[in-house]
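Comments concern the structure below.
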Amino acid sequence: MNARLCLILLFSVITGGCAMGNRYAYDTTVADTGVRGSTTVAAAVHDERSYVVAGDKTPQFVGVQRGGFGNTFDVKTGGNQPLSVDMTASLVASLNRSGFKTQAVAVAYTDSAEKVRMELVATGAERSVLLTVREWKSDAMMRIGLDYDLRLSVLGRNGEVLAESQVRGTKEVLGAAPLIPSNVGAMVTNAFKTKLEQLFADPAVARALRTG
């Protein structure tokens, strides 16, 4: 066996081991909303990812890491909570940091959009912030590719939509090769922080929150 083949096999074993059993903690991510206020806000995250709704992936699924031969290993959330739960914790922490009095509202991926809206209205909060996740999946090997489709909606007390913003992308590359496997979680969760900040930066969203 020549030296080149030995190196390839060694790399495959190492990366394969690093790819197994990984978890990313989204619940500790805190974004800077760029908006300041003190109104009451209800916050929820609705997971509408097609493969979760269809039952092909669990609600804890956040992406894949690949071994040296390109074989994939599913990655889940840090505490094995549904991604929507972790993202809700991040959303609440981000709004609280901005001065809002925020209440988390738990919704399931099986809930209809109308049921989610009514759950938010039932809190009686002056404003509701709903993050709809239509896609969120990272794919890491030598580099990280990120697929995402997020929509942020600000609702009034009666559930009417006051403002919306959206970010989406396919195979967006995070970082540069060669990738250090132990850094992947931090890079991906930081990308979520960035996307949240982009959503809140929309002028209509900021205005709807400020006038609560």
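The values are calculated or read from the model by the stated rules, or taken from the named source; none is laboratory data. All figures in this text were calculated on a predicted structure; none of them were measured in a lab. Cβ: placed from backbone, ideal geometry, glycine included. Neighbour counts: every protein chain shown. Ligands, DNA and RNA are stripped out before the accessible areas are found, and what is left, the full protein with its side chains, is counted by its heavy atoms. Shrake-Rupley method; radii C 1.70, N 1.55, O 1.52, S 1.80 Å.
Brief remarks on what is shown
- Across Thr29, Thr110, Thr88, mean-square fluctuation computed from a Gaussian network of the chain (C-alpha pairs under 10 Å connected) peaks at Thr110.
- Restricting attention to the chain, the count of lysine pairs at 8 or more positions apart or across chains with alpha carbons under 30 Å apart stands at 23.
- Candidates Ala89, Ala54, Ala122, ranked by Gaussian network fluctuation over the chain, Cα under 10 Å, top entry: Ala54
- Principal-axis analysis of the Cα atoms of the chain puts helix 184-200 at an angle of about 30° to the longest axis.
- For the range 75-212, pairs of C-alpha atoms spaced more than 24 angstrom apart make up 33 percent of the total.
- Working note: Cα atoms of the range 61-107, range along each principal axis, descending, whole Å: 48, 21, 13.
- For the chain, the residue among Val129, Gly169, Ala104 whose Cα projects farthest onto the positive side of the dipole built from Cβ charges is Gly169.
- Dipole moment magnitude, nearest 20 debye, the range 74-212 about Cα centre, only Lys, Arg, Asp, Glu C-beta charged: 320
- Split the accessible area of the chain by element, probe 1.4 Å, and carbon with sulfur accounts for 54%.
- Residues considered: Ala113, Ala163, Ala42. Largest GNM mean-square fluctuation over the chain, using C-alpha springs under 10 Å, is found at Ala113.
- Residues of the range 119-212: accessible area per residue with a 1.4 Å probe, Å²: 44
- Projecting the Cα atoms of Ala206, Ala191, Ser50 onto the charge dipole of the chain (Cβ charges, centred on the Cα centre) puts Ala191 farthest toward the positive pole.
- Taken about its Cα centre, the range 98-138 carries a charge dipole of about 100 debye when Lys and Arg each add +1 at the Cβ and Asp and Glu each add -1 at the Cβ.
- Positive-end ranking of Val85, Phe61, Pro181 along the dipole of the chain, with charges on Cβ about the Cα centre, is headed by Pro181.
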